[in-house]
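What follows is a short report on a single structure.
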């Protein structure tokens, strides 16, 4: 839309501002994951839950989850992802089970608000992760339960 506005000679500042805010939000999420794994993404293993633009769809277009994962990969992280509707992606290692992608990971990052994720067993997740770190970009998981189990939990706006 910004390009269309520019082509028409209109300076769409409001939309440009939205784009900037979205980019900053993605960068904040990547920084949270970076802190969760100890400050260095190179070689860190990250389990990612969610790839789609939003829950209950298979739409990957303009997906913030894909943007975050792409940046994690560019910074040297090893990312294994799970999404209930996505079976493969050309640039991302997509697993078939949300628990399996957690095996040996330094952190779990929740990127799409699939209700399915809310009901997964955090005890099992903790047993499979190498380090008990959660970055919940959707504030989907039960923060109090995660903290009781010994997770380091980072949500958004908390």
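The values are calculated or read from the model by the stated rules, or taken from the named source; none is laboratory data. Since the structure is predicted, the reported quantities are computational estimates derived from the model, not experimental observations. Positions of Cβ are generated from backbone atoms using ideal geometry, with glycine treated the same way; all protein chains shown enter the neighbour counts.
Taken together, the residues in the stretch 91-112 that are in contact (Cβ under 8 Å) with a residue 24 or more places away in the chain and surrounded by 15 or more Cβ atoms within 10 Å (Cβ to Cβ) amount to 15. Here residue 117 fulfils each of the conditions (1) assigned to a helix (DSSP H, G or I); (2) more than 15 Å from residue 52 (Cβ to Cβ); (3) in contact with a strand residue (DSSP E or B) (Cβ under 8 Å, 6 or more places away or on another chain) apart from (2).
Of the residues making up the stretch 87-98, at least one is farther than 17 Å from residue 58 by Cβ and assigned to a strand (DSSP E or B). Against the test of being within 21 Å of residue 32 (Cβ to Cβ), in a strand (DSSP E or B), modelled with pLDDT of 95 or more and touching a helix residue (DSSP H, G or I) at 6+ places or on another chain (Cβ under 7 Å), the options 125, 79 yield a single qualifying residue, 79. Of the residues in the stretch 13-31, not one is under 16 Å from residue 136 (Cα atoms), touching a strand residue (DSSP E or B) at 6+ places or on another chain (Cβ under 7 Å) and at pLDDT 95 or above.
Kindly indicate whether residue 122 is surrounded by 12 or more Cβ atoms within 10 Å (Cβ to Cβ), touching a residue at least 12 places away in the same chain (Cβ under 8 Å), farther than 20 Å from residue 27 by Cβ and within 14 Å of the chain's Cα centre (by Cα). So residue 122 does not fit the description; no. Among residues of the stretch 146-157 that are under 10 Å from residue 108 (Cα atoms), those with a beta-carbon under 6 Å from a residue that is exposed (fewer than 13 other Cβ atoms within 10 Å of the Cβ) and modelled with pLDDT of 95 or more at least six positions away or on a different chain give the pairs 153/147.
For the stretch 27-63, give me each residue that is part of a strand (DSSP E or B) and touching a helix residue (DSSP H, G or I) at 6+ places or on another chain (Cβ under 7 Å).
Going through the stretch 27-63, the residues part of a strand (DSSP E or B) turn out to be 45-49.
Residues satisfying the conditions are 46, 47, 48, 49.
The residue of the stretch 47-66 that is farthest from residue 32 (Cα to Cα), among those that are crowded, with 18+ Cβ neighbours inside 10 Å and at pLDDT 95 or above, is 52.
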